[in-house]
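As structure tokens, the structure follows; a few thoughts come after it.
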Amino acid sequence: MTEHPSYGDGIAVVTVTYFPGETLEKFLDTLEKATDRDVQVVVADNASTDGAPEKAARRDNVKLLSIGENVGYGTAANRGVAELDDSYGWVVVVNPDLEWEPGSLDALLEVAERWPRGGAFGPLIHDLDGTVYPSARLLPSFGRGIGHAVFGKIWPGNPWTRQYRQETGTPVERTAGWLSGSCQLFRREAFDSVDGFDTRYFMYFEDVDLGDRLARAGWLNVYAPSSSVMHIGGHSTSQASAKMLRAHHDSAYRYLADRHRGLLWKPVMLAVKAGLALRLKLETRRK
């Protein structure tokens, strides 16, 4: 593999934790069978008090980074990556509520060999019942975004949602606008070239934003369904708190506002802000 001169070929895994419970142990157990290579794990912990990160740190290959406060997903991930020395040229940033399929990390690395301009690689992600999560999508646009937002709940099969999610037949290896932040392998040279995650995003859309910035910097986001992982936490917002819903809407607005600046866009963005506020009010009322 072609690497940046300052990086080695080592592989590291950075997982961001916030009260991970027993899922962290299962995550680490299954990781051992995901690759034949030695893996350094950094647990970037956002002030958990359940003891799980400390228990994980008893393992020889696990380093605990206790941040001391909840700084959000992207900021914690960046700090975890910064703990690694230059011998690590490959970094997986991943949720702890995930189980690795045997050989899945090696499969991701094999795909990376085929894509020398690939900056980020995402596996096939499925839920407990086997349902495949649409983890490789187009970047949001006003048309797709509004159609998905308005009709996504009441008409799940609408064309805007289908196009945005890129759900068309059997998953194949391909490029995407962005990949799910729940599990991504990064070429560290690519990750560093865009300064990692934008720390203004506390939660949600940090993966969308990063995928867009990687592409603008000349890298590719590659979907690699030959690698498969299971997300225990699921992706439903049915249990989301009002605080998390608010964070989601704030992040959605930030993403669009960053890319639509200037006087001509101001009335459009005011309308978007009003629409998101109304949607948030309706969503929280259902809780």
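Do any strands (runs of 3 or more DSSP E) entirely within the range 1-74 hold 1 or more residues that are over 20 Å from Phe191 (Cα atoms), touching a residue at least 24 places away in the same chain (Cβ under 8 Å) and charged (D, E, K, R), and if so, which?
It comes to 39-45.
Evaluate the following for Val62: is it at pLDDT 95 or above, more than 24 Å from Gly211 (Cα to Cα) and more than 14 Å from the chain's Cα centre (by Cα)?
When the stated conditions are applied, Val62 passes them.
Failed condition for Asn61, given (1) within 27 Å of Phe205 (Cβ to Cβ); (2) open to solvent by 30 Å² or more (accessible area, probe 1.4 Å), with all others met?
Answer for Asn61: the failing condition is (1).
Looking at the range 118-133, can you tell me whether even one residue there is surrounded by 19 or more Cβ atoms within 10 Å (Cβ to Cβ) and assigned to a loop (DSSP other than H, G, I, E, B)?
no
Of all residues in the range 8-42, which are aromatic (Phe, Trp, Tyr) and either at pLDDT below 95 or not assigned by the TED database to the domain that holds Ser193 (or both)?
Tyr18, Phe19, listed by residue number.
The values are calculated or read from the model by the stated rules, or taken from the named source; none is laboratory data. Keep in mind that what you see is a predicted model, and the values were worked out from it rather than measured. Positions of Cβ are generated from backbone atoms using ideal geometry, with glycine treated the same way; all protein chains shown enter the neighbour counts. Areas reflect the complete protein model, heavy atoms only, side chains present, ligands, DNA and RNA absent. Shrake-Rupley method; radii C 1.70, N 1.55, O 1.52, S 1.80 Å.
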